[in-house]
Amino acid sequence: MASPRHLKSQNKKNSVWKDQLELVLAKKPYRNDRLSEIVIQQTDILSFLTVPSNISPQTHPWTFVFLSAVHAAVSRIEFRIKNYFSSPRPNELTSEVDPVIQTPAHSSYPSGHATESFCLARVLGAICFGGRHSETEQIAMRIAHNREFAGVHFPIDSIEGAKLGIWVGEHFLSKLKKLDSASILTDNRTGKVDNWDKIVQWEPIDKSAVGNQNGNNSSKNQSQKEATILDWIIYELNNELGTHGGDNA
């Protein structure tokens with residue numbers, strides 16, 4: 001027989017689920033206004049998040065390689081947390097939700113779209129604007145909310161996912177830059193990222209020399225710091241943002 005404390009805790013938990021479910025159902029009449037975004041954002045959030053910075057895979061291919069790496073990394077983190085909580089989806093509590101897209105089979109909490117969007121928004125803010133950027137984060141929040149309108153997430157999933165995404169984004173930037181503040185990265189006159197190579201404590205390399213490595217200069221190469229894949233991406237990213245700096249205003 002359940003103890004009074006257990007029953008009280010269970011009743012409180014049921015009340016939370018009920019409140020969250022009502023918030024999801026309240027959004028149902030407004031789905032059509034966001035349906036096109038909801039469908040596209042199932043597989044693409046970067047094209048929305050990069051609108052304020054005006055970058056694309058065509059103009060800044062290496063920047064997108066870097067962002068894709070960040071996206072993949074945060075996804076792995078979020079899925080470990082999802083697996084731990086194994087939280088039900090809204091349509092598992094009532095058929096009234098009737099999602100407009102296929103409901104993912106994994107845990108609802110925390111929202112992956114919210115986690116990924118806010119992580120990427122934080123990173124984009126740092127590399128394109130010198131810090132957190134409100135317009136980019138507003139887009140991240142809309143992406144998260146769209147999942148609620150779609151009927152596949154509760155608001156609490158989005159709220160906690162956003163917190164997680166910002167934290168992970170800050171963590172990535174801190175490790176990457178070896179600094180606590182993104183603002184130190186930027187040129188005060190332009191607000192653009194200035195010396196990524198110094199931030200990661202990496203000496204710029206001669207690209208042509210790397211392309212022509214052979215046994216004859218192996219001893220010379222051993223005396224130099226070897227460029228990692230991430231170093232190379234950041235080198236190219238820095239060049240792109242410097243070359244296309246006007247695009248990010």
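Just so you know, all these numbers are worked out from the coordinates, no wet-lab data involved. Because the structure is predicted, anything quoted here is derived from the model rather than measured. Counting neighbours? That spans all protein chains shown, and the Cβs are built from the backbone with ideal geometry, glycine included.
Given +1 on the Cβ of Lys and Arg, -1 on the Cβ of Asp and Glu, and no further charges, what dipole in debye does the range 92-138 carry about its Cα centre, rounded to the nearest 20?
Values: 2 positive and 6 negative charges, 68 e Å.
Using only the charged Cβ atoms, the result is roughly 320 debye.
Note down the relative contact order for the range 1-140 as a percent, whole number, built from C-alpha pairs under 8 angstrom at least six residues apart.
On the way: 87 pairs, mean separation 35.7, N = 140.
Here the relative contact order equals 25 percent.
FRET efficiency for the Lys28 to Ser86 pair, using the beta carbon distance and R₀ = 22 Å, is estimated at 0.30.
Sort Leu124, Leu164 by Cβ crowding within 10 Å, fewest neighbours at the top.
Numbers: Leu124 27, Leu164 22.
The most exposed by this proxy come first: Leu164, Leu124.
Charge tally around Ser134: other residues with Cβ under 14 Å, Lys/Arg +1 each, Asp/Glu -1 each, net +1.
Shown in residue order for the range 151-160 are the 3J(HN,Hα) couplings computed by the Karplus curve 6.51 cos²θ - 1.76 cosθ + 1.60 at θ = phi - 60°: x, 10, 9, 8, x, 5, 4, 5, 4, 6 Hz (x for Gly and Pro).
In this Cβ point-charge picture (+1 for Lys and Arg, -1 for Asp and Glu), the range 39-147 has a dipole of about 300 debye about its Cα centre.
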